[in-house]
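Read the structure below first, then the notes.
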Amino acid sequence: MLLTIDVGNTYLSLGLFLNEKIKEVSFFHTKKFMENNESLESLKVFKNSKISHVIICSVVDEVNYKLLYFLKKKKLQYTFLNKNIELLDIKTSVKGHIGVDRLVNIFYCLKHFKVPFLIIDLGTATTFDYVNNKQVYEGGIILPGIDISLKSLEVYTSKLPSVKFKKKKKIISNNTEDAITSGFYWGYLSMIEGIIKKVRREKSSDFNVVLTGGNCEYYKNLSIFHLVDKYLTIKGLNLIYKHILSNEQF
């Protein structure tokens, strides 16, 4: 079996795959792992003796050394995708760096969707990535994620409470907590809808819209999205290993 690890700013997302099928998914706080790199031992997935390989993508440099040390200690063979990103062969017109997790998402969508498409990731940061009808990644948008925006509202105001993000049916609320919840749920949705419209206008093109990231499931079943999948990145890692890095079954 293959273990995929997506190292994000907030969580390590781990997926155990047998071919195309996810057998198990775990999430582990990145900060907790940084404080104690042995803490991953508590996860059930590492008690599985049938792991044949581990594939990793990471956007947190400080985690990489500790994670690789942990995997070596467990005597697990691994591929660290940052060093093999040229294998993806993704065409891009963008000068500069794009996070490896976003490249993994693009790779997955290129295999499953017709171009053009727009990928929206509701993670620690909210990102938009656009691939045109020639399969070329043109660029994207980055703005603060939902959870850190909620946290900053709590930290930088004296009277506003801490609120957990959730779906809200009504827009207008008659108390502070519900008003914040409504503001973030409907505010982010309105922002997403607005940006989709502006990209369509700018590119003079229709496209598929894919939503992923930790908060994506709050917006599932909306017609503006062609796919809502919290596990997009770990599925992309599985696909990369299967199609590029290994000719063997696992």
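Computed quantities for the displayed model
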{"item": "Rounded D (µm²/s) - region 127-184, Kirkwood Rh over Cα pairs, Stokes-Einstein at 25 °C, 0.890 mPa s", "result": "179"}
{"item": "13 Å tail of the calculated P(r), region 14-69, as % of Cα pairs", "result": "65"}
{"item": "Antiparallel DSSP beta bridges within region 1-137, as percent of all bridges there, nearest 5", "result": "65"}
{"item": "Length-normalised contact order for region 122-250 - Cα pairs under 8 Å, 6+ apart - percent", "result": "17"}
{"item": "Percent antiparallel among DSSP beta bridges (both partners in region 107-213, rounded to 5)", "result": "70"}
{"item": "Per residue, the convex hull volume that the Cα atoms of the chain enclose (Å³)", "result": "146"}
{"item": "Size descriptor, Kirkwood hydrodynamic radius, that averages inverse alpha-carbon separations across region 188-243, Å", "result": "12.7"}
{"item": "Column: log10 I(q)/I(0), Debye, Cα scatterers of region 131-250, q = 0.19, 0.22 Å⁻¹", "result": "-1.15, -1.34"}
{"item": "Solution diffusion estimate, µm²/s, Stokes-Einstein, region 84-154, Kirkwood Rh from C-alpha pairs, 10 °C, viscosity 1.306 mPa s", "result": "122"}
{"item": "For region 1-111, convex hull volume per residue from C-alpha positions, Å³", "result": "109"}
{"item": "Stokes-Einstein diffusion coefficient of region 46-173, Kirkwood radius over Cα pairs, 10 °C, 1.306 mPa s, in µm²/s", "result": "89"}
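Just so you know, all these numbers are worked out from the coordinates, no wet-lab data involved. As the structure is a computational prediction, the values presented were derived from the model and not from experiment.
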